[in-house]
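A.B. asks: Okay, handing you the structure first.
The values are calculated or read from the model by the stated rules, or taken from the named source; none is laboratory data. From a predicted model like this one, the values you see are computed outputs, not experimental measurements. With ideal geometry, Cβ positions are generated from the backbone for all residues, glycine too; neighbour counts draw on all protein chains shown. For the accessible areas, the whole protein counts, side chains as well, though only heavy atoms, and no ligand, DNA or RNA atoms are used. Shrake-Rupley method; radii C 1.70, N 1.55, O 1.52, S 1.80 Å.
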Amino acid sequence: MEAKQILLMKDVYKDFPQGDLTVNVLKHINLNVSEGDYVAITGPSGSGKTTLMNLMGCLDTVTSGKMIFDGEDVSTYTDNQLSDLRLKKIGFVFQTFELLGQKTALKNVCMPLSFADIPKKEQIERAEEALEKVGLSDRMDFRPNQLSGGQKQRVAIARAMILKPRILLADEPTGALDSASGAQVMDLFSKLNEEGTTIIMITHDRDVASRAKRRALMKDGILSSEDTALVPLHRSGEGDEHES
Amino acid sequence: MKENFLEALQEILSHKMRSFLTMLGVIIGIASIISIVSTIKGTNDRIMQDLVGKGNNNVTIALYRGNTPVDFEEGSISGVSLVSSGQMERIRELDHVEDATFFNHRESVYNVSAGGVLLDSGAIYGIDDHFLNTCGYAVYRGRRFVEADRINHNKVALLDSAASDVLFPGRDPLGKTIEISGEPFIVVGLIQKESEYQPAIENLTDYETYMEQSYGMVLIPSADWGITYLFDEPQNAYVRADTTENMSAVGKAAQKILQESVSSSDLSYVAEDLVEEAKEQQQLTASTNRLLIWVAGISLLVGGIGVMNIMLVSVTERTREIGLRRSLGARKRRILLQFLTESAVLTSLGGIFGVLMGLIMAQVISKLSGVEVGISLPAIAIAVVFSMVIGIVFGLLPSIKAANLNPIDALRRE
Ligand SMILES: Nc1ncnc2c1ncn2[C@@H]1O[C@H](COP(=O)(O)OP(=O)(O)OP(=O)(O)O)[C@@H](O)[C@H]1O
Ligand SMILES: [Mg+2]
């Protein structure tokens, strides 16, 4: 019995213009994610992981190749269609949490609900429920600067899951956390996956990656199969080489 | 929309100092405009009240030679006949005319005395039956003139309290005799303005004007005018309109009818149109102040540019927030509305503060210069709406910039 396919990338390339040159960041990507999958992508810094995640999250479009999300070719989608798709079918979790500082935990979780024009009262009910589920029922009215890193990330996960997305995308969700709160977040991910949520996660941490069902390795813009994921992982996540 | 509004308010309140400084241009601009407009309105109300009076919609139609009223003291006038009763009836039957009176009068009363006491200032009128009603006088003691007085040429007189105080200090004037040009007249009644026609007295100037007008009124039947002044004189008229708005029209119509009596080319009946005169004076004060409004408008423009500047800074500062919202699924339009609302709320608040400050400034101006101020509700409403429009216009560019940010670039920003 085959699970339903959620994301299919076929022969995807992604270039960025860099002055007169173009940089080929992603080359010949093939990826097939099905419902209930839990995929960890590892790889050295600057190899193109975040770029891939932006494509999967419909924040960016491919230079060439095909991308099918939930059975639909999204390469022809308009900006509004992509926004609606992100709202309803994709949840994002970031390394740096990305909570809005002037809003309480509850109000942060409410944001996607308000974008979906859900009535205020229902927003609050659903957000409270979501925060309870991540074990923060006693922190609802706290602002982000009153929360620990692990708590912040759990608020972010509650926000990502609030509209029951088809897929949860996490870019180094434990990257800014100590090992204890990192483990808590990973437990939460496992629980969500057991409940049926499809998860794609980027990580530098071999232990974290080992919690996933499948592993892939990104190197110089090339994604290799699960088998090659057994090669030793790049560990030093600190030496970021981001260009901004 | 309500949520947008609350979110905008929260954002504004989270940077109180910055928001206030951003609003300052709008506050100053609106405050200046409101204080100027209030002062204009106050002055206009004052002019209207001074010239037209309160509750009394009387138009004076007087005989003029050239540009000045005819002085009947100079002797008999040729080229004009007496106003006929037919003309009087036609005037009283004009639309919007409540009543009309035709009278002779002198502004000098050197010839009026009682027991050797001279009436030093005042006016004497030869009146018909409509005078008291038209001018809003009531007889509070004694009686008014009756038919028999006219038929028999009874020498009777009515006095106001000012005249009786001078001529009969501490005594009851009723039944006593006064002399007008040597002719004895019996005082049969005392008159006063009906309370609804009392002018509003708010300061010393008002009081003085009031006293001048009410100082020494002596009324005799018009039939007796010839006895004291020897000639038949053409009458002037007071015509009372039903409303202040109708005064000009009524005055013109009555003037036309009276003009029929005039045969000389240098004489004419002229309606002393106080409403028109008031309007001219109002226009004069308004046009000087309109210049000031332009200056205030420039301050608003500068304020608007300041708002645009800060909104652009705010969009740059909040690029990550915008990126986040977009990645969570907010459409461009939602981002646009978010910033536009914020900008509009900011300037509307500025407008509201500006109105409050303007009203305070107007009060201060009023205290310092003695000019009255009037609060104009439409001006306040327009000021607040206008400041909101400033927010929308000058917030548009920053909001479009925010909406068009690329979500990945926005999220990548440090
Ligand atoms: N908008 C862009 N314009 C130009 N180059 C870009 C852009 N976005 C990414 N790149 C380049 O693409 C490459 C991959 O970047 P990416 O952020 O995907 O790496 P990563 O694998 O996520 O690294 P890290 O583990 O450090 O987060 C980098 O060399 C980066 O300079
Ligand atoms: Mg990355």
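A.B. asks: Cα convex hull of chain B: mean projected area in nm², to one decimal?
C.D. replies: 27.7
A.B. asks: Another question about this same structure. Under a cut-off of 29 Å between alpha-carbon atoms, report the lysines in cross-link reach of B:K256, not counting same-chain residues fewer than 8 places apart.
C.D. replies: B:K54, B:K279
A.B. asks: Moving on to the next point. With a bin width of 10 angstrom, please list the P(r) values of chain A as percents of all Cα-Cα pairs, from the 0 bin to the one holding the largest distance.
C.D. replies: Here the calculated profile for chain A is 7, 31, 36, 21, 4, 0.
A.B. asks: In whole Hz, with x marking every Gly and Pro, tabulate ³J(HN,Hα) for region B:60-70 from phi via Karplus 6.51 cos²θ - 1.76 cosθ + 1.60, θ = phi - 60°.
C.D. replies: Result, rounded to whole Hz: 8, 10, 10, 7, 10, 10, x, 9, 10, x, 5.
A.B. asks: What dipole magnitude, in Debye to the nearest 20, does region A:25-104 give about its Cα centre under +1 on Lys/Arg Cβ and -1 on Asp/Glu Cβ?
C.D. replies: With Lys and Arg at +1 and Asp and Glu at -1, about 240 debye.
A.B. asks: Could you compute the net charge surrounding B:D129? Neighbours are other residues with a C-beta less than 12 Å from the C-beta of B:D129; K and R count +1, D and E count -1.
C.D. replies: -1
A.B. asks: Right, here's the next one. Ordering B:R412, A:R126 by how much accessible area each has at a 1.4 Å probe, largest first, what is the list?
C.D. replies: Listed by decreasing accessible area, they come as B:R412, A:R126.
A.B. asks: What angle, in degrees between 0 and 90 and rounded to the nearest 10, separates the Cα long axis of helix A:120-133 from the longest principal axis of the Cα atoms of chain A?
C.D. replies: Here the helix axis deviates by roughly 70 degrees.
A.B. asks: If you don't mind, another one. Run the reach check for B:K176 against lysines, Cα to Cα strictly under 19 Å, same-chain hits fewer than 8 apart removed. What comes back?
C.D. replies: Result set, ordered by chain and number: B:K155.
A.B. asks: Just B:N152, B:N289, B:N111 to compare: in a GNM of chain B, with alpha carbon springs under 10 Å, which one fluctuates most?
C.D. replies: Result: B:N152 has the largest fluctuation of those listed.
A.B. asks: If you count, for each residue, the other Cβ atoms within 10 Å and average over each peptide, how do B:115-127, A:32-44, A:154-166, A:10-22 line up from highest to lowest?
C.D. replies: A:154-166, A:32-44, B:115-127, A:10-22
A.B. asks: Now for a separate question. Need one number for the protein assembly as shown: average projected area of the convex hull over its C-alpha atoms, nm².
C.D. replies: 45.8
A.B. asks: Same structure again: Which of B:F386, B:A241, A:Q102 sits farthest toward the positive end of the charge dipole of the protein assembly as shown, with +1 on the Cβ of Lys and Arg and -1 on the Cβ of Asp and Glu?
C.D. replies: Going by the Cα projections, it comes out as A:Q102.
A.B. asks: Under 25 Å Cα to Cα from B:K16, which lysines show up? Leave out anything in the same chain fewer than 8 places away.
C.D. replies: A:K103, A:K107, B:K2, B:K401
A.B. asks: Could you work out, residue by residue across A:89-99, how many beta carbons of other chains sit within 10 Å of that residue's beta carbon, and then give the average as an integer?
C.D. replies: 2
A.B. asks: Residue by residue, what Karplus-based ³J(HN,Hα) values in Hz, rounded to whole numbers, does region B:139-156 have, using 6.51, -1.76 and 1.60 with θ = phi - 60° and x for Gly and Pro?
C.D. replies: 7, 9, 9, x, 9, 8, 6, 10, 3, 4, 4, 5, 4, 8, 6, 4, 8, 10
A.B. asks: Something else: Along region A:157-165, what does the Karplus equation 6.51 cos²θ - 1.76 cosθ + 1.60 (θ = phi - 60°) give for ³J(HN,Hα), rounded to whole Hz, x for Gly and Pro?
C.D. replies: 5, 4, 5, 5, 8, 4, 9, 6, x
A.B. asks: Amide H neighbours of B:E272 under 5 Å, counting only residues 5+ apart in sequence or on other chains, H built in-plane at 1.01 Å?
C.D. replies: Those qualifying (amide H under 5 Å, at least 5 residues apart or on another chain) are B:T60, B:I61, B:A62.
A.B. asks: Let me ask you something else. Across region A:120-224, how many lysine pairs separated by 8 or more positions, or lying on different chains, have Cα atoms within less than 29 Å?
C.D. replies: The result is 18.
A.B. asks: Which whole-number percentage describes the relative contact order of region B:54-272, with Cα contacts under 8 Å and a sequence gap of 6 or more?
C.D. replies: Once divided by the residue count of region B:54-272, the mean separation gives 39 percent.
A.B. asks: Here's a follow-up. Mind checking the dipole of the protein assembly as shown: about its Cα centre, +1 per Lys or Arg Cβ, -1 per Asp or Glu Cβ, Debye to the nearest 20?
C.D. replies: Here the size comes out at about 3820 debye.
A.B. asks: Among B:S84, B:S376, B:S261, determine the one that fluctuates most according to a GNM of chain B built with springs between C-alpha atoms less than 10 Å apart.
C.D. replies: Residue with maximal mean-square fluctuation among B:S84, B:S376, B:S261: B:S84.
A.B. asks: Right, here's the next one. Take each uninterrupted DSSP H stretch in chain B, measure its Cα extent along the helix axis, and return the ones at 24 Å or beyond whose mean Kyte-Doolittle hydropathy is at least 1.6.
C.D. replies: B:377-403
A.B. asks: A further question follows. Gaussian network model of chain B, Cα springs within a sub-10 Å range: biggest mean-square fluctuation belongs to which of B:A148, B:A223, B:A138?
C.D. replies: Looking only at B:A148, B:A223, B:A138, the biggest GNM fluctuation is shown by B:A148.
A.B. asks: What is chain A's relative contact order, in percent, from Cα pairs under 8 angstrom and six or more apart in sequence?
C.D. replies: 28
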